[in-house]
1. Identify all residues within segment 224-248 that are over 22 Å from Ser88 (Cα atoms) and more than 11 Å from the chain's Cα centre (by Cα); write none if there are none.
2. If I filter segment 82-100 down to residues being surrounded by fewer than 18 Cβ atoms within 10 Å (Cβ to Cβ) and not charged (D, E, K, R), which single residue comes out as nearest to the chain's Cα centre (by Cα)?
3. Scan segment 82-103 for residues that are without any contact (Cβ under 8 Å) to a residue 40 or more places away in the chain and either within 21 Å of Leu272 (Cα to Cα) or assigned to a loop (DSSP other than H, G, I, E, B) (or both) and jot them down.
4. Search segment 179-198 for residues that are in contact (Cβ under 8 Å) with a residue 24 or more places away in the chain and pair each with any residue that is part of a loop (DSSP other than H, G, I, E, B) and hydroxyl-bearing (Ser, Thr, Tyr) when their beta-carbon atoms are under 6 Å apart and the residues are at least 6 apart or on different chains.
5. Could you identify the single residue in Ile115, Ile81 that is more than 15 Å from Ser233 (Cβ to Cβ), of a type in the set (Val, Ile, Thr) and more than 10 Å from the ligand (Cβ to nearest atom)?
6. Taking Met180, is it within 16 Å of the ligand (Cβ to nearest atom) and either within 16 Å of the chain's Cα centre (by Cα) or crowded, with 23+ Cβ neighbours inside 10 Å (or both)?
7. Anything in segment 84-97 that is more than 11 Å from the ligand (Cβ to nearest atom) and more than 18 Å from Ile118 (Cα to Cα)? List them, or say none.
8. Can you pull out every residue in segment 199-236 that is buried (at least 20 other Cβ atoms within 10 Å of the Cβ) and either part of a loop (DSSP other than H, G, I, E, B) or acidic (Asp, Glu) (or both)?
Amino acid sequence: MARQKVTVVGAGHVGATAAQRIVEKQLADVVLVDIVEGLAQGKALDMMQSAATEGFDTQIIGSDNYDQTHNSDVIIVTAGIARKPGMSRDDLVATNAKIVSSVVEQTVALSPNAIYVIVSNPLDAMTFLAWKKSGLPSERVVGMAGVLDSSRYACFIAEEAKCSIKDVRAMVLGGHGDSMVPVPEYSTVNGIPIEQVLDAQTIEKINERTKHGGAEIVKYLKTGSAYYAPSASAVAMAEAILLDSNRLIPACAYMNGEYGLQDVYCGVPVILNKHGVQKIVEIELRDESQRALNESANGVKALCDKILATV
Ligand code: APR
C-alpha cells in the first residue's frame, strides 16, 4: 500500500516539529508548506538528511505553494502568529483568522478527502472558522487542544503524585483558553481517581497551573509559544486518523446538541479514526464541571460570532 500523506501548513516551531515527528515515526510522507519562500524547503531538506541516521523511509518535501499537497489524507494547520508574553490566545484572532481562511480555501479543493487538524490559535474559533470555510462535514474538521491540555495536566499529576507518567490518565475539556475545564473526576493514576491520591488543595493548584500551562511557557520563551507538546499532540491526533485507531481522546469538535451545546466547537471526549470525529462521547459530568464547560463554550461562541462578522 502506498504511504499516506500529511500536509503540514506552517513550517514554524509547531509545524516543523510536527513534520519531524511524523516522518521519524514513519506515519506518512509529509508536504511541509510555508508562505515564507525557502523556509519549508530548507527545513524539509534538512530533515531528509537525518533519514539515514534516524533510519526512516518516509519522505518529506517543502514548498511555498500547495501544488504538491493534492490528495492529502490529513492536513495539519499551524500557520499563523504565536503569542508573546502578556498576550492571550484571543489576541491573535484577527491575524490568524485571515491566515487560516486562506490556508483552508487553498487546500480543500486539492484534498477533498482530507481530515483537517487545526492547531492555530485561538484554537476553538480557528477550528470553527476552518470548518465554515471548508464546506466539509464537521466530523472532518477537528481541533487540537484537549490532548495537549490533558498532557500538561498529566505531567503535573505525575509530578505531584510522584508516580510514573505512564500510569496517569488525565482529562481536560472545554475551550483552549483560561476557561478550560480540568476534570479531576475522570483523571486517574492507573484507574485510581486522583482525588484519592492527591489532596484537594494540590488538585486545585494543578488545575490552575494547567489552565495557564501555555502562558507559563510563553513567559519563559518571550519570543513565541510552546511547540514540543503541541506538535506531539497534533501528531497523536494525526496518528489516530491515519491508523484508524478509534482513540478516545479529548478534542475540539463541533457540538450539535451534545452536552447541551449548540453550533459551537469545544473540547470534549471523541472517538477519532479515519473518518475524523467518529463520535462525540457524552460522559456524566459533575454540576461544577458542566457549568464550567458551558461558560467556556459561551466564551468560544462570542469569539466565533466576532470572527464571522469580520471574514
Ligand atoms: N500560509 C502558510 N504559512 C504561513 C502563513 C500562510 N498564510 N502565514 C504565516 N505562516 C507561517 C509563518 O511564516 C511561520 O513560519 O506560519 C508559521 C508559524 O510559525 P511560528 O511563528 O514559529 O509559530 P508556532 O509557534 O509554530 O505557532 C503556530 O500554532 O500553537 C499555535 O498559537 C500558535 O497560532 C500559533 C500557531
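What follows draws every value from the coordinates through simple rules; no lab data is involved. Model, not experiment: these values are computed from the prediction. A quick note on method: Cβ atoms are made from the backbone with ideal geometry, for glycine too, and the neighbour counts reach across all protein chains shown.
1. Across segment 224-248, the qualifying residues are Glu239, Ala240, Ile241, Leu242, Leu243, Asp244, Ser245, Asn246, Arg247, Leu248.
2. Among residues in segment 82-100 that are surrounded by fewer than 18 Cβ atoms within 10 Å (Cβ to Cβ) and not charged (D, E, K, R), the one nearest to the chain's Cα centre (by Cα) is Ser88.
3. If the condition is that a residue be without any contact (Cβ under 8 Å) to a residue 40 or more places away in the chain and either within 21 Å of Leu272 (Cα to Cα) or assigned to a loop (DSSP other than H, G, I, E, B) (or both), then Gly86 is the only one that fits.
4. What qualifies is Ile194/Ser187.
5. Values: Ile81 fails: more than 10 Å from the ligand (Cβ to nearest atom).
Just one listed residue meets the conditions, Ile115.
6. Numbers: within 16 Å of the ligand (Cβ to nearest atom): yes; either within 16 Å of the chain's Cα centre (by Cα) or crowded, with 23+ Cβ neighbours inside 10 Å (or both): yes.
Here the answer is yes, as Met180 does meet what is asked.
7. Selection gives Pro85, Gly86.
8. Ser225, Ala226, Tyr227
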